[in-house]
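Asks: Sharing a structure with you now.
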Amino acid sequence: MTTATFADHFSGHAADYARSRPAYPAELFSWLADSSPSTDVAWDCATGNGQAAVRLAENFDRVIATEGSADQLASATPHPRVEYVQALAEQVPIEDGSVDLCACAQAAHWFDLDGYYAEVRRVAKPGALFAAWCYSLFQVDTQVNAVIDRLYGRILGEYWPERRRHIETQYRHLPMPFETIAAPAFEMRHEWTFEQVCEYLRTWSAVIRYRSATGEDPIERVARDLETAWGTEARVVVWPIAMRAGRV
């Protein structure tokens, strides 16, 4: 039996996370369905608030969405084809050889990967698709990007968990023991106001750690420069998505 420690970085602001995170594009979920051996069952590991799970349910008959945080599950979006289960990635109550797609959005870097991959092998049907994806810093324009880079690196640098490096390198160095499949390039694109982007920034795990350690809001250290760069109108915000996919 695998013994794993749950790295809980988001429970304290689960409702904010559910409200403020960007949404994945429909094309991503269509590709996952088309690349899976069938669309009977998908497993969404570390589902958080169910953001990916409910989109998977548009393409799969049944989605098992596991999550270690009870707070995150309390904010999850109900869906008739999604079954939410509190469980760690390394030990899930899913039948052997029953899953067509093992999906993980913005979370694989937190896991005990040996234990997680053992569960993927156990629950996957022959030829099942494995797909783990992530996104890092968003892009707006040179001026906004420069402010965000300063917040991310110079102000919050020491407050990011060490495993965050896998997101910074776009999962290129994330160990993956499956036969690699090339995935298309996907991105998230939203039109946001200055207030919306600040609300999103406050869901960053390093922002939470900074506030806990210092009693101050790091967003306030860049708010004036960010607002000047942003302007008064809504702006288009783009997050490139990096994916590692393979055949189990």
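Laboratory data are not the source of any read-out in this text; all were calculated from the coordinates shown. Source: prediction; values computed, not measured. For neighbour counting, all protein chains shown are included, and Cβ atoms are generated from backbone atoms with ideal geometry for every residue, glycine included.
Asks: Using square roots of five times the C-alpha gyration tensor eigenvalues, list the equivalent-ellipsoid semi-axes of segment 192-248 in whole Å, biggest first. Write down the numbers at each step before the final one.
Replies: Working: eigenvalues 142, 82, 11 Å².
Computed over segment 192-248, the values are 27, 20, 7 Å.
Asks: Which ordering of T180, T203 is given by a fewest-first count of other beta-carbon atoms within 10 Å?
Replies: Numbers: T180 11, T203 17.
Placing the least packed residue first, the sequence is T180, T203.
Asks: Mind grabbing the base-10 log of I(q)/I(0) for the chain at q = 0.10, 0.13, 0.15 Å⁻¹? Debye formula, identical points on the C-alpha positions, no solvent, two decimal places.
Replies: Ignoring solvent entirely, the Cα scatterers give -0.48, -0.81, -1.07.
Asks: So, one more: How many nm separate the modelled label positions at D61 and E179, each set 7 Å beyond the Cα in the direction of the Cβ?
Replies: Taking the simple label geometry, D61 and E179 are separated by 2.5 nm.
Asks: Just to check I understand the Karplus step: with θ = phi - 60° and J = 6.51 cos²θ - 1.76 cosθ + 1.60, what whole-Hz values come out for segment 176-183, glycine and proline as x?
Replies: Using θ = phi - 60°, the values come out as 8, x, 9, 5, 6, 10, 6, 9 Hz.
Asks: What is the pair-distance distribution P(r) of segment 44-184, computed from all Cα-Cα distances in 5 Å bins starting at 0, with each bin given as a whole percent?
Replies: In order of increasing distance, the bins hold 2, 9, 17, 20, 19, 14, 10, 6, 3, 1, 0 percent.
Asks: Also, I was wondering about something else. What percent do you get for the relative contact order of the chain when only Cα pairs under 8 Å and 6+ apart count? Mind showing how you got there, number by number?
Replies: Details: 458 pairs, mean separation 54.6, N = 248.
Value for the chain: 22 percent.
Asks: Extension gain E83-D217, at 0.36 nm per residue separation less the Cα-Cα distance, in nm? All intermediate terms of the calculation are to be shown ahead of the outcome.
Replies: Values: separation 134, 0.36 × 134 = 48.24 nm, distance 3.65 nm.
Separation in residues times 0.36 nm, less the Cα-Cα distance, equals 44.6 nm.
Asks: With Cβ to Cβ distances under 9 Å as the rule, what net charge do the other residues near T180 carry (K, R +1; D, E -1)? Before the final figure, lay out each step's value.
Replies: Numbers: positive: R244, R247; negative: E179.
Net of charged neighbours comes to +1.
Asks: Name all residues of segment 184-214 having a backbone nitrogen under 16 Å from the label point set 7 Å from the Cα of E168 along its Cα→Cβ direction, giving them as ranges.
Replies: Of the residues in segment 184-214, 205-207 have backbone N under 16 Å from the label point off E168.
Asks: Right, something else. How large is ³J(HN,Hα) for each residue in segment 30-43, as worked out from phi by the Karplus curve 6.51 cos²θ - 1.76 cosθ + 1.60 (θ = phi - 60°), to whole Hz, x for Gly and Pro?
Replies: 5, 5, 4, 5, 5, 8, 8, x, 7, 10, 6, 9, 10, 10
Asks: Need the C-alpha centroid separation for segment 33-108 versus segment 121-155, integer Å.
Replies: One Cα centre to the other: 19 Å.
Asks: Here's another thing I want to ask about it. Please give me the summed charge of the neighbours of R81: other residues whose Cβ is under 12 Å from its Cβ, Lys and Arg +1, Asp and Glu -1. Write out the running numbers ahead of the final one.
Replies: Working: positive: R55, R62; negative: D40, D44, E58, D61, E83.
Summing Lys/Arg as +1 and Asp/Glu as -1 gives -3.
Asks: Once you've got the GNM for the chain with C-alpha springs shorter than 10 Å, pick whichever of I167, I64, I155 has the biggest mean-square fluctuation.
Replies: The residue with the greatest mean-square fluctuation here is I155.
Asks: Please find, in a Gaussian network model of the chain (springs between Cα atoms separated by less than 10 Å), the residue of A70, A213, A132 whose mean-square fluctuation is greatest.
Replies: Maximum fluctuation in the GNM of the chain, among the listed residues, is at A213.
Asks: Where Lys and Arg each count +1 and Asp and Glu each count -1, what net charge lies around D114 among other residues with Cβ under 15 Å from its Cβ?
Replies: It works out to a net charge of 0.
Asks: In addition: Nearest-5 percent of antiparallel DSSP beta bridges in the chain? Mind dumping the intermediate values first?
Replies: Values: 19 of 39 bridges.
Looking only at bridges with both residues in the chain, the antiparallel portion is about 50 percent.
Asks: Further, regarding this structure: Which of rounded, prolate, oblate describes segment 151-218, given a ≥ b ≥ c as roots of the alpha-carbon gyration tensor eigenvalues and a/c under 1.5 marking rounded, otherwise prolate only if a/b is larger than b/c? Could you put the intermediate results ahead of the total?
Replies: Details: a/c = 3.51, a/b = 1.50, b/c = 2.34.
Oblate.
Asks: Counting other beta carbons within 10 Å of each residue's own, what order do L113, L32, L101 fall into, fewest first?
Replies: Ascending Cβ contact count within 10 Å gives the list L113, L32, L101.
Asks: Among the GluC sites (Glu not before Pro) within segment 212-242, which fall in a DSSP loop and have no more than 13 other Cβ atoms within 10 Å of their own Cβ? Kindly include the intermediate steps, with their values, before the conclusion.
Replies: Numbers: sites: E216, E220, E227, E233; in loops: E216, E233.
Sites meeting the loop and neighbour criteria: E216, E233.
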